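Written below as structure tokens is the structure these notes are about.
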Amino acid sequence: MSTKIERVTAAGSFQRVVAFLRNDTRKRIAGGALALASPLAFAVSVDAGDYDHAPAGTHLGLLYYQYSSGEALYAGGRRIDDNARVRAQVGIVRAVKYVDIGGVTVAPQVLLPFGSVQTAGTLNSASVRNGMGDLILASTVFLYKDDHRRVLGVTPWLWLPTGQYSRSRTLNPFGENRWKFALQVAGVMPLGQAFTLDLVGDVQYYGNNRDFGPTRRTLSQQHSWDLQSHLRYHLSPATALSLSISQFTGGETKIDGASQNDRQRRSRASIGASHFLAPDLQILGSLGKDLSIENGVREDLRVNLRMLKVF
């Protein structure tokens, strides 16, 4: 089962609000930082164990809570402001169903994010459109699985422009007013009895937002790449600890064809734990932060909580 929104936050994958924030360079960069700071910016990040296989006929209901904060603003890899404060709280409702199609397990799923982003300090004057996010459709195809827990899976992701959006706001972290598509590939490899390594990679493509800003300009964006690795240590069949590292690259934006010089290169690390309270109920939590960033607000803290119910 693949991915939560990131990471709605998740890092990421929606418009960088850049040039229309007047001509002041710092405010222009800060506008881009707002979009990059949103928890939806890295929208196909996965939790450790997300690609573990489940038998056909399994139904899952998941509820996520995500909190993130940061205040250091970077441009071109340099720290230019220590008071660009951003706080985000996001929820996600997700449903997954495992089915058998011609002997291949497929897991269609739907996700709906919602939440709020608050700004302060240098970014205090920014206006934010909070509320319901874009509806997300996905379907993991398990190309390979065996009795040794080895898995190879592929997941196409599609974001529909259904979320709340206002072109007059500085930031629209939940509704982007454009289509998006991502293709994700993941492998799960047990390392003996106690450890499991998950390797995940994806490429994301962005449609145009033709109603960007008060003057209705066109926002376009180059594709982006995300690589993730998760090392799990199994304390028992019900409990696991994890160490995760990810690298997000690309995604430079243009407004009416003018490059905004906001290409991303962001690395992140987190630690986490998961536990089955009962055979049909699991809780998961993780703590993380950015290790490095090229443009945007650096995250000092990210908290992810998840409850999973098997039906």
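The values are calculated or read from the model by the stated rules, or taken from the named source; none is laboratory data. Not measured: the values here are computed from a predicted model. Neighbour counts are summed over all protein chains in view; Cβ atoms, including those assigned to glycine, are modelled from backbone coordinates with ideal geometry. Calculation scope for accessible area: heavy atoms of the full protein, side chains included, ligands and nucleic acids excluded. Shrake-Rupley method; radii C 1.70, N 1.55, O 1.52, S 1.80 Å.
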**Request:** Could you identify the single residue in Gln184, Gln193, Gln164 that is farther than 23 Å from Asp211 by Cβ and part of a loop (DSSP other than H, G, I, E, B)?
**Result:** Gln193
**Message:** Can you find, within segment 136-180, the residue that is most open to solvent (accessible area, probe 1.4 Å) among those that are closer than 30 Å to Leu123 by Cα, hydrophobic (A, V, I, L, M, F, W, C) and at pLDDT 95 or above?
**Reply:** Trp179
**Cβ pairs under 6 Å, 6+ apart, first in segment 130-148 and more than 23 Å from Thr105 (Cα to Cα), second among the hydroxyl-bearing types (Ser, Thr, Tyr)** = Asn130/Ser116; Asp134/Thr162; Leu135/Thr162
**Prompt:** Within the group Ala126, Ala138, Ala95, Ala72, which residue is part of a strand (DSSP E or B) and closer than 27 Å to Leu291 by Cα?
**Reply:** Ala72
**Prompt:** For segment 232-275, which residues satisfy the criterion of being of a type in the set (Ser, Thr, Tyr) and surrounded by fewer than 20 Cβ atoms within 10 Å (Cβ to Cβ)?
**Reply:** Tyr233, Ser236, Thr239, Thr249, Ser259, Ser267
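I'd like to check something: does segment 2-18 contain any residue that is among the polar types (S, T, N, Q), in contact with a Lys or Arg (Cβ under 7 Å, 6 or more places away or on another chain), at pLDDT 90 or above and surrounded by 16 or more Cβ atoms within 10 Å (Cβ to Cβ)?
Scanning segment 2-18, I find no residue that is among the polar types (S, T, N, Q), in contact with a Lys or Arg (Cβ under 7 Å, 6 or more places away or on another chain), at pLDDT 90 or above and surrounded by 16 or more Cβ atoms within 10 Å (Cβ to Cβ), so the answer is no.
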**Request:** Test Ala84 against the stated conditions and say whether it is open to solvent by less than 40 Å² (accessible area, probe 1.4 Å) and over 15 Å from the mean Cα position of the chain (by Cα).
**Result:** yes
**Request:** Give just the number: which of (1) under 23 Å from Arg298 (Cβ atoms); (2) at pLDDT 95 or above does Leu60 not satisfy?
**Result:** (1)
